[in-house]
Amino acid sequence: NRLLSAGRLESALGAVDAAVGEFGDFEEASDLRHAVEEATAARDSALEKVQELLEAALGHACGDAFSKANDALEEARSLEPDHPELAEMISQTESEVHRRIEAYRRQMTIDNVIQSIEKQLEKKSVEEAHRELGVARRLYGSSDVLDGLGAKIDALERELRSKEIDKL
């Protein structure tokens, strides 16, 4: 009974079988074996359900459906108190989903900065575009996209200077 309540189902079944082997078949052995088999079936069912939920959470996260991913994780966590052995699986998937959320947020922020710099270029606001690009490079490092924007800013700056010189 102690092994069963501790969730050590294989050990509990082994103990029942060992007791039957040593003392012969006794009335409680059948009840204990049945209880262990029911607990094993419940654990296996929960494991299967949690695996499905975790796969769904990762699938949703890959598709940027983070609300659905979190819902699937919450449902998986609700099954975990009854089956602590599932906690590690849930934790690993949760870490991966959160990593994807942070990567998505970072990319959205970078995309917003890029759009802002492009708007400054459209307005021919070279100084503001340079300032925003500098901040973006400090925050996000160098990238091909930011380098390309830097080249566009430099080209616009040369073009504006050329026009000023032509006016003189």
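The values are calculated or read from the model by the stated rules, or taken from the named source; none is laboratory data. A quick note: this is a predicted structure, and the numbers were derived from the prediction, not measured. Cβ placement follows ideal geometry from the backbone for every residue including glycine, while neighbour counts extend to all protein chains displayed. Heavy atoms of the whole protein, side chains included, go into the accessibility calculation; ligands, DNA and RNA do not. Shrake-Rupley method; radii C 1.70, N 1.55, O 1.52, S 1.80 Å.
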Carbon plus sulfur, as percent of the 1.4 Å-probe accessible area of the chain, comes to 50
Taking R0 as 25 Å and r as the Cβ-Cβ distance between His130 and Met108, the FRET efficiency 1/(1 + (r/R0)^6), rounded to the nearest 0.05, comes to 0.60
Summing -39500 (n - 2.57) over every DSSP H run of at least 4 residues in the chain and dividing by its residue count gives a helix-only mean residue ellipticity at 222 nm, to the nearest 500 deg cm²/dmol, of -29500 deg cm²/dmol
So, with points 7 Å from each Cα along the Cβ direction, the Asp71-Glu48 label distance in nm works out to 2.4
Karplus ³J(HN,Hα) for the stretch 69-80 (6.51 cos²θ - 1.76 cosθ + 1.60, θ = phi - 60°; Hz, whole; x = Gly/Pro) runs 4, 5, 4, 5, 5, 4, 5, 5, 5, 5, 8, 5
Each label sits 7 Å from Cα toward the beta-carbon; between Ser95 and Ile165 the label points are separated, in nm, by 5.8
Per the charge dipole of the chain (beta-carbon charges, Lys/Arg positive, Asp/Glu negative, Cα centre), the residue among Ala103, Leu146, Val50 reaching farthest to the positive end is Leu146
Taking a probe of 1.4 Å and leaving out DNA, RNA and ligands, the chain shows per residue an accessible area in Å² of 66
When every protein chain stays in place and a 1.4 Å probe is rolled, Lys123, Lys49 sorted by accessible area with the largest first are Lys123, Lys49
For the stretch 103-111, Karplus-derived ³J(HN,Hα) couplings (6.51, -1.76, 1.60; θ = phi - 60°; whole Hz; x for glycine and proline) come out as 5, 5, 4, 4, 5, 5, 5, 4, 4
Distance in nm between Thr40 and Ser142 label points, each 7 Å along Cα→Cβ, equals 6.2
Partner lysines whose C-alpha sits under 30 Å from that of Lys119, ignoring same-chain residues fewer than 8 away, are Lys152, Lys163, Lys167
Whole-Hz Karplus couplings 3J(HN,Hα) for the stretch 119-127, θ = phi - 60° and coefficients 6.51, -1.76, 1.60, Gly and Pro as x, run 5, 5, 5, 4, 7, 6, 9, 5, 4
Scoring only Lys, Arg, Asp and Glu (+1, +1, -1, -1) among other residues with Cβ under 10 Å from the Cβ of His130 yields -4
Other residues with Cβ under 14 Å from the Cβ of Val97 give, with Lys and Arg +1 and Asp and Glu -1, a net charge of -3
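Local charge sum around Phe66 (other residues, Cβ-Cβ under 14 Å, Lys/Arg +1, Asp/Glu -1)?
Once all neighbours under 14 Å are counted, the net charge is -1.
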Cross-link reach from Lys68 to lysines, straight Cα distance under 22 Å and at least 8 residues apart if same chain, gives Lys49
